[in-house]
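The values are calculated or read from the model by the stated rules, or taken from the named source; none is laboratory data. Given the structure is predicted, the values throughout are model-derived calculations rather than measurements. Glycine also receives a Cβ, built like all others from the backbone with ideal geometry; neighbour counts cover every protein chain displayed. SASA here: full protein model, heavy atoms, side chains in, ligands and nucleic acids out. Shrake-Rupley method; radii C 1.70, N 1.55, O 1.52, S 1.80 Å.
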Amino acid sequence: MSRRPRVRLRPQGVLLLLCGAALLRIALFGELYLRYVKEGLRPYLVASGAALVALALLNLLTRTAPHDEHDHDEHDQDEHGHDHTRTPRIAWLLTAPALALLLFPPPALGSYSAEREEARVAAQGAGTFPELPAGDPVDLTLGAFASRAQWDTGASLAGRTVRLTGFVTHSDDGTWSVARLLVTCCAADAQALKVEVRGETPPPADTWVTVTGTWHPTGTPGTPAARPVLDATSVKRTTTPTDPYEKR
């Protein structure tokens, strides 16, 4: 006697569905995706999420082939009576991380990542830099400040008041820095940019702050002694920016 096709809820289909839904949530609702990729990669996230959801629905809606009773007894069970057509229950544990990703997206990288990766400033060597815009304080990215502090033989930072925004990171030697992560493509390739801050009490790690101050020369540009250091005149807490990363 023939039997009707059966529909089975497979963990692999549910896993694909949760991952796809998580990607679509990150990419479509708000600016959450900026924690992970650059702005121009948003369409690729949407396309990837949609593809995963489509594959999940195809997997979940595919019916198992019908068998007659004889085929069921021959193929679904072995000689010991074990049913091999059922998915092991432990496989469902694989869906737990995907569900967590959907419900609780991870935060942007912070001080822990910055402490593991020292600043790597892309520079072709020491030389002169263009003059800074008129007026103080001048807002600079951490990358721009670090480049000038380490490589500018013309000392364009001298006598200027600058304003930097980033999150706080502490060092084992008791110093603290304002930091930000530089991404080329996505958060996976993030590199840390850190500017040591002197003269002010350090806020807690991972606190976002705007620091105003003046450049503190530490050595000849182009040598290891030239480090990005700021003598702070004020440190004000601020909210986490929509896009927490600097872009190359």
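Taking Thr233 and the conditions (1) at pLDDT 95 or above; (2) surrounded by 18 or more Cβ atoms within 10 Å (Cβ to Cβ), which numbered condition does it fall short on, given that it satisfies the others?
Just one mismatch for Thr233, condition (2).
Within the stretch 165-198, track down each residue that is modelled with pLDDT of 95 or more and outside any strand (DSSP E or B).
Result: Thr175, single match.
For the list (1) without any contact (Cβ under 8 Å) to a residue 12 or more places away in the chain; (2) open to solvent by 40 Å² or more (accessible area, probe 1.4 Å), I need the number of the one condition that Gly154 fails.
(1)
If you scan the stretch 221-248, which residues turn out to be in a loop (DSSP other than H, G, I, E, B), free of Cβ contacts under 8 Å to residues at least 60 places away in the same chain and more than 25 Å from the chain's Cα centre (by Cα)?
Selection gives Thr223, Pro224, Ala225.
Based on what the data block shows, is Thr214 open to solvent by 20 Å² or more (accessible area, probe 1.4 Å), assigned by TED's automatic domain parsing to the domain that holds Leu142 and in contact (Cβ under 8 Å) with a residue 24 or more places away in the chain?
When the stated conditions are applied, Thr214 passes them.
Per-residue answers, yes or no, for (1) of a type in the set (Asp, Glu); (2) buried (at least 17 other Cβ atoms within 10 Å of the Cβ); (3) at pLDDT 80 or above:
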position	(1), (2), (3)
Ser2	no, no, no
Pro5	no, no, no
Gln12	no, no, no
Gly30	no, no, no
Tyr36	no, yes, no
Ser48	no, no, yes
Leu57	no, no, yes
Arg63	no, no, no
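Going through the stretch 126-142 one residue at a time, which ones are of a type outside the set (Phe, Trp, Tyr) and in a loop (DSSP other than H, G, I, E, B)?
Within the stretch 126-142, Ala126, Thr128, Pro130, Glu131, Leu132, Pro133, Ala134, Gly135, Asp136, Pro137, Leu140, Thr141 qualify.
Determine whether Val235 is under 30 Å from Ile26 (Cβ atoms) and not polar (S, T, N, Q).
no
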